[in-house]
């Protein structure tokens with residue numbers, strides 16, 4: 001016990017005494033560890049950003065979508081569809097679900113009535129597809145029972161009304177022959193330049209106040225039911241949902257899709273390997289510098305090694321001591337590198353650099369930090385082997401007289 | 001039973017031209033616990049080799065060395081190292097303090113290899129030892145800021161810090177002026193006698209050697225007892241030779257050939 005502690009204390013003393021030498025030798029190691037850790041963290045953010053972008057379009061992993069089309073006039077009434085969806089959700093105890101219906105609805109703007117792209121949804125969709133609201137709020141469950149429809153719109157919609165924000169609690173007339181006044185309660189961020197006006201409304205409210213002409217009947221799309229389920233049940237549930245919904249809707253074609261394997265894991269893997277490769281080479285170069293300086297240092301310390309042998313230091317202890325100097329040094333350098341990486345990742349808006357805000361910013365990759373630290377320590381041990389062997393070969397009597 | 005016992009010890013090395021050089025020849029020596037023994041001799045006569053063998057830094061080519069009755073040939077390398085650290089304290093001519101370490105760190109250094117309590121309390125023990133050699137107020141001073149005498153005091157404190165049974169001093173006053181050398185030797189004697197450690201001193205200095213209870217002369221690798229307290233001294237260079245030189249019982253008769261230095265009066 002005291003042997004190991006003693007060797008570590010000795011190693012630390014050596015490093016303390018030769019701060020400048022150690023500092024110079026370890027800059028490379030620290031930078032390499034910082035690079036490995038920071039790039040891994042950056043890759044995780046890039047991956048997360050990419051994943052979130054995909055999730056905004058197709059939903060979180062795993063989202064199943066149930067599409068249904070009436071095949072003939074004799075098909076079951078569309079109202080049956082909602083009942084079929086509700087039964088399926090209850091039967092399989094699905095927590096996150098939303099109808100999602102893309103349609104067009106007329107709105108009365110200052111320059112006249114215009115048909116605008118509208119998504120009729122349920123409140124859960126905000127979580128399922130990472131829909132954020134930069135001003136105002138998203139739909140609440142209670143909104144479905146409100147006397148007037150509420151809208152969440154994009155900035156282009158607001159601009160078409162001649163407004164910049166929701167300060168004046170704006171409203172807009174929805175519909176053509178019998179319009180209803182809808183309140184705008186939220187604004188989503190602009191996703192790209194030149195967006196056209198778009199609005200989202202609760203599905204139940206839309207069908208209560210306005211049914212777009214020509215959207216029912218054979219071949220016309222009905223709302224998609226999206227459900228967010230655990231990956232392990234997705235396959236089985238997909239089959240069951242298709243079978244169950246089709247069974248209660250005679251004359252309807254029902255198909256279920258999912259968004260599994262959207263491709264970002266490949267990006268994640270490739271980028272990680274590039275990061276590790278670059279970091280590994282940097283670490284190797286740092287290690288070579290360390291070997292060089294450690295060898296020179298050991299030659300300067302031959303007399304000291306002889307004196308220590310006269311104190312009763314075994315050759316094993318001398319070997320371990322010199323090896324530990326290298327290991328302790330690289331360990332410290334690794335820690336410095338990680339601190340450096342944390343400072344960079346926390347202070348540089350990496351997520352913004354990668355094109356857009358990240359909703360769920362990934363935590364600092366502790367695993368990457370540990371891998372970097374382990375690599376640095378390993379390089380330290382390898383770099384320490386050569387000088388440690390040289391130190392052990394020193395003849396005690398010659399060393400004392402050196 | 002003697003603490004150290006050399007019997008007919010020879011140490012030879014092979015030279016680059018393949019000749020065998022005998023550094024020590026048939027050396028027989030016993031040192032008891034608490035004894036003070038001095039060995040005088042010219043440079044190159046094998047004094048340091050003798051000290052290295054006694055301190056387990058080197059091993060005899062022939063003959064036997066018993067440490068507390070145990071032949072050291074029977075000890076493993078690890079055990080020899082362990083006993084060297086535990087039983088011997090070295091004082092070198094050039095002090096050999098560790099550079100860049102304070103006096104306290106230098107004295108604590110041997111305790112890095114000590115077991116248990118001594119290891120964990122090394123700084124306190126080292127501070128006590130420095131206090132005993134009169135350097136209690138210089139604990140954090142670097143060796144280069146200390147005088148030669150003070151540096152040798154630090155070296156003495158370091159040699160004694162593990163409570164060795166034998167102190168091996170190789171020209172302990174060689175780098176000091178006469179007065180400082182006497183002070184250092186007085187200190188070494190005093191601490192050795194208090195701790196009960198045997199003291200083997202190798203020196204050129206007759207005054208230093210005279211402090212010992214028993215005296216030996218090493219010439220051409222042959223160790224012979226001398227009495228520095230008694231007979232008048234004859235000199236070869238700076239080393240005394242005595243008309244009444246007495247061989248140790250059982251010691252081999254040294255073969256000193258025609259190349260032996262002529263004895264001349266100073």
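What the table below lists for this structure:
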read-out: Enumeration of residues in segment A:147-158 that are farther than 15 Å from residue A:191 by Cβ and either surrounded by 15 or more Cβ atoms within 10 Å (Cβ to Cβ) or within 31 Å of the chain's Cα centre (by Cα) (or both); value: A:149, A:150, A:151
read-out: Any hit, segment B:94-116, residues being touching a residue at least 60 places away in the same chain (Cβ under 8 Å) and over 30 Å from residue A:20 (Cα atoms); value: no
read-out: Residue identified as assigned to a loop (DSSP other than H, G, I, E, B) and either free of Cβ contacts under 8 Å to residues at least 60 places away in the same chain or surrounded by 22 or more Cβ atoms within 10 Å (Cβ to Cβ) (or both) among A:312, A:337; value: A:312
read-out: Qualifying residues in segment A:15-72 (those that are part of a strand (DSSP E or B) and touching a helix residue (DSSP H, G or I) at 6+ places or on another chain (Cβ under 8 Å)) - the one farthest from residue A:257 (Cα to Cα); value: A:68
read-out: Unique residue being within 20 Å of residue B:155 (Cβ to Cβ) and out of contact with any strand residue (DSSP E or B) (no Cβ under 7 Å at 6 or more places or on another chain) when the list is B:119, B:95, B:88; value: B:95
read-out: So residue B:46, is it at positive phi, modelled with pLDDT under 90 and surrounded by 17 or more Cβ atoms within 10 Å (Cβ to Cβ); value: yes
read-out: Of all residues in segment A:165-182 being assigned to a loop (DSSP other than H, G, I, E, B) and touching a residue at least 60 places away in the same chain (Cβ under 8 Å), the one that is nearest to the chain's Cα centre (by Cα); value: A:175
read-out: Of the criteria (1) within 14 Å of chain A (Cβ to nearest Cβ); (2) over 22 Å from the mean Cα position of the chain (by Cα); (3) at positive phi, which one residue B:96 fails; value: (2)
read-out: Restricting segment A:291-303 to residues that are facing chain B (nearest Cβ under 10 Å) and either without any contact (Cβ under 8 Å) to a residue 40 or more places away in the chain or not in a helix (DSSP H, G or I) (or both), the residue that is surrounded by the most Cβ atoms within 10 Å (Cβ to Cβ); value: A:301
read-out: Residue check, residue B:90 in contact with a helix residue (DSSP H, G or I) (Cβ under 7 Å, 6 or more places away or on another chain), facing chain A (nearest Cβ under 9 Å) and in a helix (DSSP H, G or I); value: no
read-out: Every residue from segment A:192-202 that is touching a residue at least 60 places away in the same chain (Cβ under 8 Å) and in a loop (DSSP other than H, G, I, E, B); value: A:196, A:197
read-out: Single residue of B:41, B:73, B:69 found to be more than 9 Å from every other protein chain (Cβ to nearest Cβ) and buried (at least 21 other Cβ atoms within 10 Å of the Cβ); value: B:41
read-out: Test result for residue A:321, in a helix (DSSP H, G or I), touching a residue at least 12 places away in the same chain (Cβ under 8 Å) and either more than 17 Å from residue B:110 (Cβ to Cβ) or out of contact with any helix residue (DSSP H, G or I) (no Cβ under 8 Å at 6 or more places or on another chain) (or both); value: no
read-out: In segment B:99-111, residue surrounded by the fewest Cβ atoms within 10 Å (Cβ to Cβ) [restricted to those that are facing chain A (nearest Cβ under 7 Å) and at pLDDT 90 or above]; value: B:109
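The rows are residues; the columns are (1) in a loop (DSSP other than H, G, I, E, B); (2) surrounded by fewer than 16 Cβ atoms within 10 Å (Cβ to Cβ).
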residue: A:84; (1), (2): no, no
residue: A:93; (1), (2): yes, yes
residue: A:102; (1), (2): no, yes
residue: A:107; (1), (2): no, no
residue: A:113; (1), (2): no, yes
residue: A:116; (1), (2): no, no
residue: A:132; (1), (2): yes, yes
residue: A:142; (1), (2): no, yes
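The values are calculated or read from the model by the stated rules, or taken from the named source; none is laboratory data. What you are looking at is a predicted structure, and each value in this text was computed from that prediction instead of being measured. Using ideal geometry, Cβ is built from the backbone for each residue, glycine included, and neighbour counts are taken over all protein chains shown.
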